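Here's the structure, in structure tokens; my notes come after.
The values are calculated or read from the model by the stated rules, or taken from the named source; none is laboratory data. The shown structure was predicted, so the numbers you read here are calculated from the model rather than taken from an experiment. Glycine gets a Cβ as well: all are built from the backbone with ideal geometry, and neighbour counts include every protein chain shown.
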Amino acid sequence: MRPDHPLLLHSASAPTRAVCAPQPGFWCEWRHADGRLIRSASQRTPESAVRWARITLRVIASAVDEDFVDPLMARSHQGWRDAVRALAEGGEFALPLVAKPYSFVWHVRPVPFLTLVGGSPMPHIPEGDPPWE
């Protein structure tokens, strides 16, 4: 072909690469006081981490004893605000809750998540939880 042929003048764009930049998020866990895992989840924001923790606490409390819910929710009210503040500042947070004979610990920490392609459900999202935006 001659150097001024239209196919040679129209250069192909460079191949694109997938961007795999870590996304900030939070890893949340509810554990028994002895360290046994009850439930864990990934969350995007401090507010969603606290929301998940409060919902999960109600599930735990209702499975244990009805009278267990109100004291724990009342006792933990200030703890939720402290958690949002600590997470927004980039720190970890642990909220131990005790109502004899039961004791649980909610622990949350900031973590970077790599976006994974494919899979249903996404590997880092427990089945039934809302997908990342």
* What are the residues in region 39-66 that are under 16 Å from Ala83 (Cα atoms) and part of a helix (DSSP H, G or I), if any? -> Pro46, Glu47, Ser48, Ala49, Val50, Arg51, Trp52, Ala53, Arg54, Ile55, Thr56, Leu57
* Taking into account only those residues within region 85-102 that are assigned to a strand (DSSP E or B) and out of contact with any Pro (no Cβ under 8 Å at 6 or more places or on another chain), which is nearest to Arg44 (Cα to Cα)? -> Phe93
* Asked: Only one of Val69, Val105 is surrounded by 14 or more Cβ atoms within 10 Å (Cβ to Cβ) and either modelled with pLDDT of 80 or more or of a type in the set (Lys, Arg) (or both); which?
  -> Val105
